[in-house]
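S.K.: Structure provided below as structure tokens; questions to follow.
The values are calculated or read from the model by the stated rules, or taken from the named source; none is laboratory data. Quick caveat, the model's predicted, so the values are computed rather than measured. Using ideal geometry, Cβ is built from the backbone for each residue, glycine included, and neighbour counts are taken over all protein chains shown.
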Amino acid sequence: MKSKTCVLAYSGGLDTSTIVVWLREQKFEVHAVLVDVGQDEDLESLKRKALRLGAATASICDAKPDLLRSVVPMAISFAATYEGNYRLGTALARPFIAAVQVRAARQLGGAMLVHGATGKGNDQIRFEFAYRSLAPSFPVLAPWKVWDLGGREDMIQYLKSRGFDDDYQVTKSFSFDENLFHLSVEGGPLEDASAEFDIECVLGAVADRFAVGPIGCSSISPINLTFGRGVPVAIDGIPMPLGDILKMLNQHYRFAPWAWDLVIENRFTGIKSRGLYINPAAKLLHVAVDALARTCLNKPTYDEYVQLGRAYGTILYRGEYFSDQREVMEASAGAIVRRLSGSVTVHPFPVPYVSRVQSDSALFRKSLATFENSDYAHGDANGFIKLSWLTSVGRPFVEDADGSIVETRYSAGPDVCADQCESSRRLVSVSA
């Protein structure tokens, strides 16, 4: 392995552009890889830029097929989230970018692996967990952890002092990350959870890069989604590749208000952050596949399905894609999602809701759910109730002086309630 050869995960933004120049000053031979994960950018132009900045080579690798074959179908079929409302856009792509780096480093006979993530966030973990899983003997360098540049202005001045006067904005309001699954917006007023911000300002900042049109311009017509084993395979009866389905839904509903998840999340590092995640395709598909799961799975299996979705979302968020636990979860999912085939009609406005589910695996039976006459014997429920509550029969309670049957040991009591009311009054007074 050449000690001064490195492979950089290059995005073309200010951070990784600065890193190319900085690495050259540290006498590294820089091989930049631009990984196509579905971002709406001119990658050929960014490739030329990397070479202009001093990279020895710059290459483009299309990772979309790998994403669409592996992690994206699982994220959809599981309706996987982190902490309930983070739909994993960025987390899905990072391990695959790292895998491209490792492959490039091996082709060079070994090289240092370099990424542009800071020491505050999750991306450093996602990159470096992947490196350690796929190439534990390769050294890793994260310039943000060792250089003395403090922020955007420092980096811009650094590049200018080296003769690179590109059109970077010192006062850039937001940071974006896009892949075929989502668009994330962070930074600026989003960094202060106690501050209001203008959603139209955010959407205006992304409109020129992504979809075009006024807010709420999407069609209000219902859409019919066909699933096979938990993965969408057709829209309105027209078969489509998964990538095309995601692209169509993301473009068509980009500005629908329900497509915006304003999330306060707990990073793996312990730092809280706030971001606006625009992911209409993921949201629509999660609503639809959950309805399919509720229709086709019995109660214990559905409960397991929900838990697996949260657990799967958590390990992806933490960067543990290349892990035994991910493989075990996906194997477990196979026994569940094989039942998730059918069609789901979703009305996109005012918020997505499911009006119709059809599936050969459906357990929903009108003959059982009906209020009309059926062959169900209502009296059979007596034994079910008695057995289900057997362990709680005869539990003692303390009767209040007023005859209330509420157990006093679980009651807050008048003193506690009075204290809470006074605390609320003080809070309102301070806020006013």
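S.K.: Name the single residue that is modelled with the lowest pLDDT among those in the range 203-251 being part of a loop (DSSP other than H, G, I, E, B) and surrounded by 15 or more Cβ atoms within 10 Å (Cβ to Cβ). Give the derivation first.
M.R.: To start, the set of residues in the range 203-251 that are part of a loop (DSSP other than H, G, I, E, B) comprises 208-222, 229-230, 236-237, 240-241.
Okay, now just the ones that are also surrounded by 15 or more Cβ atoms within 10 Å (Cβ to Cβ), so 210-211, 218, 222, 229-230, 240.
On the way: PHE210: 53, ALA211: 48, SER218: 53, PRO222: 95, ARG229: 96, GLY230: 97, MET240: 97.
Looking at the filtered set, the residue picked out is ALA211.
S.K.: Test of understanding: among ALA293, ALA259, ALA311, ALA288, which residue is in contact with a Phe, Trp or Tyr (Cβ under 6 Å, 6 or more places away or on another chain), within 21 Å of ILE336 (Cβ to Cβ) and of a type in the set (A, V, I, L, M, F, W, C)?
M.R.: Testing whether each residue is in contact with a Phe, Trp or Tyr (Cβ under 6 Å, 6 or more places away or on another chain), within 21 Å of ILE336 (Cβ to Cβ) and of a type in the set (A, V, I, L, M, F, W, C) leaves just ALA293.
S.K.: May I ask you to list the residues in the range 171-202 that are among the small types (Gly, Ala, Ser) and in a loop (DSSP other than H, G, I, E, B)?
M.R.: Within the range 171-202, the first condition is being among the small types (Gly, Ala, Ser), and the residues that meet it are 173, 175, 184, 187-188, 193-195.
SER173, GLY187, ALA193, SER194, ALA195, listed by residue number.
S.K.: Within the range 1-56, track down each residue that is within 20 Å of PRO139 (Cα to Cα), surrounded by 18 or more Cβ atoms within 10 Å (Cβ to Cβ) and modelled with pLDDT under 95.
M.R.: Hits for the range 1-56: nothing passes.
S.K.: Another one. Anything in the range 252-261 that is part of a helix (DSSP H, G or I) and either in the same structural domain as ASN122 (by TED's automatic domain parsing) or among the aromatic types (Phe, Trp, Tyr) (or both)? List them, or say none. It would help to see each step written out before you state the result.
M.R.: First, pick out the residues of the range 252-261 that are part of a helix (DSSP H, G or I): 252, 257-259.
Once the filter is applied, which keeps residues that are part of a helix (DSSP H, G or I) and either in the same structural domain as ASN122 (by TED's automatic domain parsing) or among the aromatic types (Phe, Trp, Tyr) (or both), the range 252-261 yields only TRP258.
S.K.: Out of the residues in the range 101-133 meeting the condition of being among the hydrophobic types (A, V, I, L, M, F, W, C) and more than 18 Å from LEU316 (Cα to Cα), tell me which one is surrounded by the fewest Cβ atoms within 10 Å (Cβ to Cβ). Break it down into steps so the answer makes sense when it comes.
M.R.: Filtering the range 101-133 down to residues among the hydrophobic types (A, V, I, L, M, F, W, C) leaves 102, 104-105, 108, 111-114, 117, 125, 127, 129-130.
Those still in the list that are more than 18 Å from LEU316 (Cα to Cα) too: 102, 104-105, 108, 111-114.
Values: VAL102: 18, ALA104: 21, ALA105: 25, LEU108: 15, ALA111: 27, MET112: 21, LEU113: 25, VAL114: 27.
Top of the filtered list is LEU108.
S.K.: Consider the range 262-292. How many of its residues are buried (at least 24 other Cβ atoms within 10 Å of the Cβ) and assigned to a helix (DSSP H, G or I)?
M.R.: Step one: of the range 262-292, the residues buried (at least 24 other Cβ atoms within 10 Å of the Cβ) are 277-285, 288-289, 292.
Still in the list and also assigned to a helix (DSSP H, G or I): 280-285, 288-289, 292.
Of the residues in the range 262-292, 9 are buried (at least 24 other Cβ atoms within 10 Å of the Cβ) and assigned to a helix (DSSP H, G or I).
S.K.: Which members of the range 18-67 meet the condition of being under 26 Å from the mean Cα position of the chain (by Cα), at negative phi and not in a strand (DSSP E or B)?
M.R.: VAL37, GLN39, ASP40, GLU41, ASP42, LEU43, LEU46, ALA63, LYS64, PRO65, ASP66, LEU67
S.K.: Restricting the search to the range 133-158, which residues are more than 24 Å from SER3 (Cβ to Cβ) and touching a residue at least 24 places away in the same chain (Cβ under 8 Å)?
M.R.: Scanning the range 133-158 gives ARG152, MET155, ILE156, TYR158.
S.K.: If you scan the range 102-132, which residues turn out to be of a type in the set (A, V, I, L, M, F, W, C) and either part of a helix (DSSP H, G or I) or free of Cβ contacts under 8 Å to residues at least 12 places away in the same chain (or both)? Steps first, please.
M.R.: Let us first name the residues in the range 102-132 that are of a type in the set (A, V, I, L, M, F, W, C), namely 102, 104-105, 108, 111-114, 117, 125, 127, 129-130.
Selection gives VAL102, ALA104, ALA105, ILE125, PHE127, PHE129, ALA130.
S.K.: Taking the range 325-381 as the region of interest, how many residues are among the aromatic types (Phe, Trp, Tyr) and in the same structural domain as CYS296 (by TED's automatic domain parsing)?
M.R.: Total meeting the criteria: 2.
S.K.: Sticking with this structure for a sec: Tally time: how many residues in the range 75-91 are within 8 Å of the chain's Cα centre (by Cα), in a helix (DSSP H, G or I) and among the hydrophobic types (A, V, I, L, M, F, W, C)?
M.R.: Residues flagged as within 8 Å of the chain's Cα centre (by Cα), in a helix (DSSP H, G or I) and among the hydrophobic types (A, V, I, L, M, F, W, C) within the range 75-91 amount to 1.
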